[in-house]
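Peer 1: Next up is a structure, given as structure tokens.
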Amino acid sequence: MGFRVLVAAAALPFAGPFLYLIIRAAEGDAAWEHALRERTLGPLWRTLILGSSVAVAAAALGTAVAWLVARTDLPGRRIWAVLLALPLVIPSFIGAFALIAAFSRGGLLERVTGIGGLRSVSGFWGAFGVLVLLTYPYVYLPVAARLRALPPSMEESARLLGRGAFGTFRTVVLPQAWTAVLAGALLVFLYTISEFGLVQLLRYDTLTRAIYANRVIDPPVSITMSLILGALAIAVVALERRLARRRPGPPRREGRALVVPLGRWRAGALGLVGGVVGLALVAPVGVLAYWALRGLGEGASRSGALVTNPSELVEPAINTSIASLLAAACAVAVVLPVAYFTARGRGRAGGVANAVVVGGFALPGLVIALALVFWTLGAPEPLASLYQTLPLLVGAYVLHFGALALGTAQVAVAGIPPALEDAARVLGRGRLRRLVQIELPLMAPGLAAGAGLVLLSAMKELPATLLLAPAGFPTLATRIWSSAEDAFWADASLAALALVAVSGVLTWLLLIRRGRAVA
Amino acid sequence: MRTGALPGLLFALVLAGSGFVLAGCGDREALTIYSGRTENLVGPLLEQFAEETGTAIDVRYGDTADLALLLAEEGDRTPADVFFGQSPGAAAFLDKEGLLRSLPQEVLDLVDERFHAADGHWVGVSGRQRVLVYNKDMVAEADLPDSVFDLTAPEYRGRVGLAPSNGSFQDFITAMRSLEGEGRAEAWLRAMADNDSPTYANNNAIVEAVGRGEVPMGLVNHYYNERFLAEDPSLPSRNHTLADGDVGTLVIPSNVSVLEGTDQPEAAEEFVRFLLTEEAQRYFAEETFEYPLVDGVPPVGDLPPLDALRPPDYLPEQLADLEGTARLIAESGLD
């Protein structure tokens, strides 16, 4: 009974943004009529197309590279493992801008190499390509973690029975990693449908772009469209829950992980991994580095310019680290009860809790922020005084990104062998001691992977940070945004490079170095 | 992280976090400014205000439209005293919500009546002019048009970039509707759409594309190209000011308002006055390449003086009907 209360208390705040939208939609009565006209249906359709195609492509790419670094003798796979995760930290608005500047006509690539650029990077294919490159880590990270936790014995048997590397992958690895692939693809879908900066830049008219376009001009339409987006997200989350039977065999890490020799495929595999890292990380970071170096060479006369005073980045870097580390820790703590509840029982209550937590990832950050303004300022005093303080900002990150921790936490919870629990119970261990002494250590790699995803996403979050952070609390993301807004490209690039560097260091410290959860 | 290090780290974080909370709560007396203009542009000026007047300030920088939405959601519980925005459209939205307070007449009188709201709910601070940015390697100076209405001709097919979802473009269309008539504005938008004018996310994206040669021309605010050239002087992008009196030379004022929910109207008003002092106006001319709106402070660089420019007459109230403009743009087929 107490456990159910705990789960309800953990899941309830996640319903806040959806309730806010329902309340606001009920106030502005005529909006449905407006919103359901073709100007919503077109964007809704495009949202579905873009979301599902990006999810499928990112799932394929993320799974392939995860298998290559986790299971094969790919040269340098330790380093690739870190590099492959990093595109996640590039904020999409600056990443997309850099990729346009790199690859389109007259762009940097053309100027440096003389090879003609793409006619223009825009529309569906532009958005599709850039999104796949920036989102495949949502699949790569959980799948790599899953593969590392899987016992290699079945794969070894398959190999001994004469299956080739790819036959083994298809018949043994994929079925075992399937839930992780599906969970990652769901995150990619939800991220894509909530994304604004990138689709705006690449001019692909999705529902979120319409929500932004109407936000000041016709707020009721914007609210109704947000509600439609939320409903779509919840429907897709429920569908994924049906497809994924999260009952993987207990992960027993017995001995050394299997290493599949790539043989003649080695060059091709290196080409794939190198190409992905090249396009998704080296190209945008290269453009940023070019702009930064150009700016550092030129200098600047205005006060407060980062190019003349890069130490101005220290405070934003510290703020970013504190807020996102807190968000990661809180998100894992909050979703863990929900994960227990939803991974074990498959009842309706579990489905609802799962849907509101995961659905929050699909709402635009602006909507999450406004919902928190509504609930916080409407709350009684001790809560209302949290308005625009660090706890509120961390709360916004947890609501927005809790989904990222929930998926991996569910897999981790499901991976605890029931026999172990029974034994502990027989031996008379209390619930809490069982959790701390037996289950948490077992779940640590999975929980850490989830925390890492929350961390990297919170670090680059922009709209909620701008509205809810304490006054005078610059983060790296807000520095990137304000510099890019004014076309101070050198400053924007320096801040973005700092973000990539800080993310890389934190990922290394929290995920890679310990327990090899990711790598 | 070895066992034991994680709880230690978390404890340190919580300590650091609560330190920030306490720091955040300390300054209830500070004048709170929501600024839709970025810290790069106005940060030094706001600090100067704090220093000179001894007023403590808390500034929240953000996107103008997002901050307007935030203020609407906060209502009378807003911690903000002042709103400093990029676009009269956003000020009009706040005005409709009843969130803005009247400024005294002598403050309004500092600027031309084209640059403040008649009811005194906002006053213009600095002006940004609409221009045609072009790539000098792709367009001969002789071929540059005099009017935005020339751009619908066949020789400009596919050659003029627009940013239909951008606040400044929408302000420009709203002005065109009231100056040239609803029908002419509608026809222009449709003709631009029919002329395959490529669309972009914002002014930055247009100037960047013109610099690369993806599109030869684009309609933008004047100062973006100044920034791009400051970063990379080798770029071939140049600004072209359309003929005197053409709606394409519209000057859009950034604007400041005192909020209805303020608990310190005097300090808020003092801040508004400060932005209109000669010192602050000179800052906008010299540091942000914008037009000073108060008489007697000339613009710098290649900018023609505001008086010589004779931008089309319009009343600021005409910039309020964003909704109608958005509908017109949506129906024209530009996206």
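Peer 1: What residue, among those in the stretch B:36-55 that are hydrophobic (A, V, I, L, M, F, W, C) and either touching a helix residue (DSSP H, G or I) at 6+ places or on another chain (Cβ under 7 Å) or facing another protein chain (nearest Cβ under 10 Å) (or both), is surrounded by the fewest Cβ atoms within 10 Å (Cβ to Cβ)? Give the derivation first.
Peer 2: Residues of the stretch B:36-55 that are hydrophobic (A, V, I, L, M, F, W, C), as a first pass: B:41-42, B:45-46, B:49-50.
The next check asks that each one be either touching a helix residue (DSSP H, G or I) at 6+ places or on another chain (Cβ under 7 Å) or facing another protein chain (nearest Cβ under 10 Å) (or both); those that pass are B:41, B:45, B:49.
Working: B:41: 24, B:45: 17, B:49: 21.
Within the stretch B:36-55, the match that is surrounded by the fewest Cβ atoms within 10 Å (Cβ to Cβ) is B:45.
Peer 1: Here's a follow-up. Of the residues A:237, A:216, A:221, which is out of contact with any Lys or Arg (no Cβ under 6 Å at 6 or more places or on another chain), under 29 Å from residue A:351 (Cβ atoms) and surrounded by 21 or more Cβ atoms within 10 Å (Cβ to Cβ)? Can you show your working first?
Peer 2: Working: A:216 fails: under 29 Å from residue A:351 (Cβ atoms); A:221 fails: under 29 Å from residue A:351 (Cβ atoms).
Only one candidate qualifies: A:237.
Peer 1: Quick check: anything in the stretch B:221-232 assigned to a strand (DSSP E or B) and in contact with a His (Cβ under 9 Å, 6 or more places away or on another chain)? Full working, then the answer.
Peer 2: Looking only at the stretch B:221-232, we keep the residues that are assigned to a strand (DSSP E or B), and these are B:221.
Still in the running and in contact with a His (Cβ under 9 Å, 6 or more places away or on another chain): none.
No, the stretch B:221-232 contains no residue that is assigned to a strand (DSSP E or B) and in contact with a His (Cβ under 9 Å, 6 or more places away or on another chain).
Peer 1: What helices (runs of 4 or more DSSP H) completely inside the stretch A:367-430 contain at least 2 residues that are within 14 Å of chain B (Cβ to nearest Cβ), at negative phi and hydrophobic (A, V, I, L, M, F, W, C)?
Peer 2: Details: elements: A:381-384, A:390-414, A:418-426.
Of the helices (runs of 4 or more DSSP H) lying wholly inside the stretch A:367-430, those with at least 2 residues that are within 14 Å of chain B (Cβ to nearest Cβ), at negative phi and hydrophobic (A, V, I, L, M, F, W, C) span A:381-384, A:390-414.
Peer 1: OK, next. Step by step: first the residues of the stretch A:451-493, then only those that are out of contact with any helix residue (DSSP H, G or I) (no Cβ under 7 Å at 6 or more places or on another chain) and in contact (Cβ under 8 Å) with a residue 40 or more places away in the chain, then the one that is surrounded by the fewest Cβ atoms within 10 Å (Cβ to Cβ). Which residue is that? Step through it out loud before you land on a result.
Peer 2: Looking only at the stretch A:451-493, we keep the residues that are out of contact with any helix residue (DSSP H, G or I) (no Cβ under 7 Å at 6 or more places or on another chain), and these are A:471-472, A:481, A:485.
Narrowing further to those that are in contact (Cβ under 8 Å) with a residue 40 or more places away in the chain: A:471, A:481.
Details: A:471: 19, A:481: 25.
The residue in question is A:471.
Peer 1: Okay, next question. With the structure loaded, tell me whether residue B:99 is of a type in the set (A, V, I, L, M), over 28 Å from residue B:163 (Cβ atoms) and under 21 Å from the mean Cα position of the chain (by Cα) or whether it fails that test. First the steps, then the outcome.
Peer 2: Numbers: of a type in the set (A, V, I, L, M): yes; over 28 Å from residue B:163 (Cβ atoms): no; under 21 Å from the mean Cα position of the chain (by Cα): yes.
No.
Peer 1: Let me ask something else. Name the residues in the stretch B:185-209 that are more than 10 Å from chain A (Cβ to nearest Cβ) and closer than 27 Å to residue A:490 by Cβ, would you? Quick ask: steps written out before the conclusion?
Peer 2: Kept after step one, since they are more than 10 Å from chain A (Cβ to nearest Cβ), are these residues of the stretch B:185-209: B:185-197, B:206.
Result: B:206, single match.
Peer 1: In addition: Looking at the stretch A:161-202 only, could you name the residues that are aromatic (Phe, Trp, Tyr) and either in contact with a His (Cβ under 9 Å, 6 or more places away or on another chain) or part of a loop (DSSP other than H, G, I, E, B) (or both)?
Peer 2: First, the residues of the stretch A:161-202 that are aromatic (Phe, Trp, Tyr): A:166, A:169, A:178, A:189, A:191, A:196.
Scanning the stretch A:161-202 gives a single hit, A:196.
Peer 1: Ok, one more. Among the residues of the stretch A:334-347, are any within 25 Å of residue A:469 (Cβ to Cβ) and part of a helix (DSSP H, G or I)? Break it down into steps so the answer makes sense when it comes.
Peer 2: Taking the stretch A:334-347 and keeping what is within 25 Å of residue A:469 (Cβ to Cβ), we get A:334-335.
Now restrict to residues that are part of a helix (DSSP H, G or I): A:334-335.
Yes, the conditions are met somewhere in the stretch A:334-347.
Peer 1: Continuing with the same structure: Check the stretch B:236-253 and report whether any residue there is modelled with pLDDT under 90, surrounded by fewer than 20 Cβ atoms within 10 Å (Cβ to Cβ) and part of a helix (DSSP H, G or I).
Peer 2: no
Peer 1: Hey, among A:128, A:124, A:196, A:189, which residue is surrounded by 23 or more Cβ atoms within 10 Å (Cβ to Cβ) and aromatic (Phe, Trp, Tyr)?
Peer 2: Working: A:128 fails: surrounded by 23 or more Cβ atoms within 10 Å (Cβ to Cβ); A:124 fails: surrounded by 23 or more Cβ atoms within 10 Å (Cβ to Cβ); A:196 fails: surrounded by 23 or more Cβ atoms within 10 Å (Cβ to Cβ).
Exactly one residue qualifies, and that residue is A:189.
Peer 1: Given (1) surrounded by fewer than 21 Cβ atoms within 10 Å (Cβ to Cβ); (2) at pLDDT 85 or above; (3) under 17 Å from the mean Cα position of the chain (by Cα), identify the lone condition not met by residue B:290.
Peer 2: Just one mismatch for residue B:290, condition (1).
Peer 1: Given the criteria more than 14 Å from chain B (Cβ to nearest Cβ) and touching a Ser or Thr at 6+ places or on another chain (Cβ under 6 Å), does residue A:207 qualify? Walk me through it before giving the result.
Peer 2: Numbers: more than 14 Å from chain B (Cβ to nearest Cβ): no; touching a Ser or Thr at 6+ places or on another chain (Cβ under 6 Å): yes.
Spelling it out, it is not the case that residue A:207 is more than 14 Å from chain B (Cβ to nearest Cβ) and touching a Ser or Thr at 6+ places or on another chain (Cβ under 6 Å).
Peer 1: I would also like to ask the following. Please go through the stretch B:193-219 and pick out each residue that is small (Gly, Ala, Ser), within 24 Å of the chain's Cα centre (by Cα) and in a loop (DSSP other than H, G, I, E, B). Can you show your working first?
Peer 2: Here is the first cut: in the stretch B:193-219, the residues small (Gly, Ala, Ser) are B:193, B:197, B:201, B:205, B:209, B:211, B:213, B:218.
Among the residues that remain, those that are also within 24 Å of the chain's Cα centre (by Cα) are: B:197, B:201, B:205, B:209, B:211, B:218.
B:197, B:201, listed by residue number.
Peer 1: I'd like to know if the stretch B:80-95 contains one or more residues that are surrounded by fewer than 22 Cβ atoms within 10 Å (Cβ to Cβ) and closer than 17 Å to residue B:167 by Cα.
Peer 2: Yes - at least one qualifying residue is present in the stretch B:80-95.
Peer 1: Which residue pairs have Cβ atoms closer than 6 Å, lie 6 or more positions apart in sequence or on different chains, and pair a first residue in the stretch B:56-73 that is under 16 Å from residue B:38 (Cβ atoms) and more than 7 Å from chain A (Cβ to nearest Cβ) with a second residue that is aromatic (Phe, Trp, Tyr) and surrounded by 22 or more Cβ atoms within 10 Å (Cβ to Cβ)?
Peer 2: B:67/B:34
Peer 1: Output the residues belonging to the stretch A:359-379 that are without any contact (Cβ under 8 Å) to a residue 40 or more places away in the chain and within 17 Å of residue A:9 (Cβ to Cβ). I'd like the intermediate steps shown before the answer.
Peer 2: In the first step, residues of the stretch A:359-379 are kept if they are without any contact (Cβ under 8 Å) to a residue 40 or more places away in the chain; the result is A:376-379.
If the condition is that a residue be without any contact (Cβ under 8 Å) to a residue 40 or more places away in the chain and within 17 Å of residue A:9 (Cβ to Cβ), then A:379 is the only one that fits.
The values are calculated or read from the model by the stated rules, or taken from the named source; none is laboratory data. Quick caveat, the model's predicted, so the values are computed rather than measured. Reconstructed Cβ throughout: ideal geometry from the backbone, glycine too, with neighbour counts over all protein chains shown.
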